[in-house]
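Each remark here refers to the structure printed beneath this line.
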């Protein structure tokens, strides 16, 4: 759910007599420029959430003539084309990361879901904050799990599944249900944890009934 941005590499127009080396350099430069834009877009959720939080806190929407923050959000969605539900989810995640009174680092969404679980003292630790901003989410998780066992953060084990089309449809339905009922920003891993927890509890109850 990364905020939409217009991706456009600097226009480097080819010439009719462009040689292979110049063409290769041009394409390389365009690829780098687009990559930079995509990298910035991955972090833009923090800036968007911070802005929307400030607009609501200072009641800027009233200054702009909107009756409510909801009306203001509807206008933002109309003008930008970006999903209002996603923007609300970013604001919720931002508030969770800031719940301990810390400034929210500019970090990827996946990292933010981990950062919000950390104790306040770790959220304020300059080294932890720098890692949240600079490291890939998986590396950040591994670092926290290895160096701060008191945070109770586990490392991840990768599982790959090949699902039949009918089972995949059920998986998609599970994602939609969990995100609708519980957490609109829930990752696949969080959805899997929720569904597995419900299924295991039912199986355990059935086992207990069969043993009576």
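The values are calculated or read from the model by the stated rules, or taken from the named source; none is laboratory data. Just so we're clear, the structure is a prediction, and the values are computed from it rather than from any experiment. Note: ideal-geometry Cβ built from the backbone for every residue, glycine included; neighbour counts use all protein chains shown.
List of remarks:
- Tally of residues being modelled with pLDDT of 85 or more and within 22 Å of residue 134 (Cβ to Cβ) across region 6-39: 6
- Filter result for residue 65 (in contact (Cβ under 8 Å) with a residue 24 or more places away in the chain and at positive phi): no
- Scanning region 56-96 for residues that are surrounded by 16 or more Cβ atoms within 10 Å (Cβ to Cβ) and more than 22 Å from residue 185 (Cα to Cα) returns 61, 66.
- Criterion (within 17 Å of the chain's Cα centre (by Cα) and in a helix (DSSP H, G or I)) met by exactly one of 34, 38: 38
Let's see how each residue does on (1) under 30 Å from residue 39 (Cα atoms); (2) touching a helix residue (DSSP H, G or I) at 6+ places or on another chain (Cβ under 8 Å); (3) modelled with pLDDT of 90 or more; (4) part of a loop (DSSP other than H, G, I, E, B):
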{"position": "117", "(1), (2), (3), (4)": "yes, yes, yes, yes"}
{"position": "143", "(1), (2), (3), (4)": "yes, yes, yes, no"}
{"position": "157", "(1), (2), (3), (4)": "yes, no, no, yes"}
{"position": "180", "(1), (2), (3), (4)": "yes, no, no, no"}
{"position": "184", "(1), (2), (3), (4)": "yes, yes, no, yes"}
{"position": "190", "(1), (2), (3), (4)": "yes, yes, no, no"}
{"position": "196", "(1), (2), (3), (4)": "no, no, yes, no"}
{"position": "203", "(1), (2), (3), (4)": "no, no, yes, no"}
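- Residue within region 164-172 that is touching a helix residue (DSSP H, G or I) at 6+ places or on another chain (Cβ under 6 Å) and either free of Cβ contacts under 8 Å to residues at least 24 places away in the same chain or assigned to a helix (DSSP H, G or I) (or both) present: no
- Count of residues meeting criterion [more than 16 Å from the chain's Cα centre (by Cα) and surrounded by fewer than 16 Cβ atoms within 10 Å (Cβ to Cβ)] in region 126-138: 3
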